[in-house]
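Derivation of every value follows stated rules applied to the coordinates shown; laboratory data play no part. Here the structure is a predicted model, which is why all the values come from computation and not from measurement. In this analysis, Cβ positions are derived from the backbone assuming ideal geometry, glycine residues included, and neighbour counts consider all displayed protein chains.
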Amino acid sequence: MNSSLLDRLPPPLPPEQIIALNRPKADLHTTRAYSWNGWDFEVPPGVFIPGATSRMIHQRVLDDEIDVRGRVYAAMGVGLGVEAIVAGLRGAARVHALDVHPASVAATEAGYHRIVGTDRPTEFLPRVGDLFAPLPDGTRLDVVTFNPPAVSRPVSEDPDIVRNVCAGTPVTDAFFTQLAERDLLAPGGEVFFIASNTADLRHIIGHAVHEGFTAHIHHLHDWNDGVLTYLFRLTRESGATEENSR
């Protein structure tokens, strides 16, 4: 099934088109405003404003299509923290809000306490670090979401832009490798992962398959500008290998 899926995934768009589509805004290092679902946020310098692909995750958590109720949830690359906030309101048992960027984790923590509050049963755990490194050994996750900086061409030399847009396949490879090697996904666990044909989809999903994951296209959005954005749902049996995941 995964070999068939890989064959169906498109190659990356031409480099010049990828660069043109991902030209960064000039205001990243200023304080900005963002609103969603009736919530208003002050976005600190260096923290990225969620885009339309991030809202694909936010809305699905809000609608329980990505079901976090009573489950242990990890929001990877949490940024401004909208998905962590939604998960707290939807009744996740525990929310790991993970980002390598301290200002993003601080913004997530501020937004979570302002909107969700402290009187709900959800355990909220904001953590700074590289991918899953902040999680203690023995952690098991029921749901993981990630909208990675997987653009396959450099669009800036600004490290904040690289971190959020075009870190490429080294980040996605490490994401799936860490999940597999540390056996972080609980039985029945799910990974919801966004990538488009501005990235090397065949490499990314091929590596996930190599690490024992089974991938399915959960949603495909055509932006009518050449970009196809995939929301993948991936699962993995504990101790799975490339051979038994197909």
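Output the Kirkwood hydrodynamic radius of segment 93-162, Cα pairs only, in Å rounded to one decimal.
Details: mean 1/r = 0.0710 Å⁻¹.
In segment 93-162 this quantity evaluates to 14.1 Å.
With θ set to phi - 60°, apply the Karplus curve 6.51 cos²θ - 1.76 cosθ + 1.60 along segment 82-94 and write out the HN-Hα couplings as whole Hz, x wherever there is a Gly or Pro.
4, 5, 5, 5, 4, 4, x, 6, 7, x, 4, 5, 8
Quick one: Debye curve from the alpha-carbon atoms of segment 143-237 only, equal weights, vacuum; give me log10 I(q)/I(0) at q = 0.12, 0.13, 0.23 Å⁻¹ to two decimals.
-0.37, -0.43, -1.20
Are there chymotrypsin sites (Phe, Trp or Tyr not before Pro) in segment 149-246 that DSSP puts in a loop and that have at most 15 other Cβ atoms within 10 Å, and which ones?
Numbers: sites: 175, 176, 192, 193, 213, 223, 230, 232; in loops: 213, 223.
Listed in order of number, the matching sites are 223.
Would you give the gap between the C-alpha center of segment 10-89 and the C-alpha center of segment 141-219, rounded to a whole Å?
A separation of 15 Å, based on Cα centres.
Return the calculated 222 nm mean residue ellipticity for the chain, to the nearest 500 deg cm²/dmol, obtained by summing -39500 (n - 2.57) across DSSP H runs with n ≥ 4 and dividing by the residue count.
It lands at -9000 deg cm²/dmol.
How high is the relative contact order of the chain, in percent, counting Cα pairs under 8 Å that sit 6 or more residues apart?
Contact order relative to length: 18 percent.
Using mean Cβ contacts within 10 Å as the protection proxy, how do 106-118, 85-97, 8-20 order, highest first?
Packing order, densest peptide first, comes out as 85-97, 106-118, 8-20.
Taking amide H atoms as placed 1.01 Å from N in the peptide plane, list the residues 5 or more away in sequence, or in a different chain, whose amide H sits under 5 Å from that of residue 101.
Answer set, sorted by chain and number: 129.
Using the per-residue mean of other Cβ atoms lying within 10 Å as a proxy for protection, in what order, highest first, do the peptides 60-69, 35-44 fall?
So the peptides 60-69, 35-44, ranked by packing, come out 60-69, 35-44.
Sort 200, 225 by Cβ crowding within 10 Å, fewest neighbours at the top.
225, 200
Do me a favour and compute the ellipsoid semi-axes for segment 43-150 from its Cα gyration tensor, root of five times each eigenvalue, largest one first, whole Å. Numbers along the way, then the final one.
Working: eigenvalues 64, 50, 41 Å².
The answer is 18, 16, 14 Å, longest axis first.
Where does segment 2-235 land on Rg(C-alpha)/(2.2 N^0.38 Å)?
Here the Cα radius of gyration is 0.96 times the empirical estimate.
What residue among 221, 101, 207 has the largest mean-square fluctuation in a Gaussian network model of the chain, using Cα springs under 10 Å?
Its mean-square fluctuation being the largest, the pick is 221.
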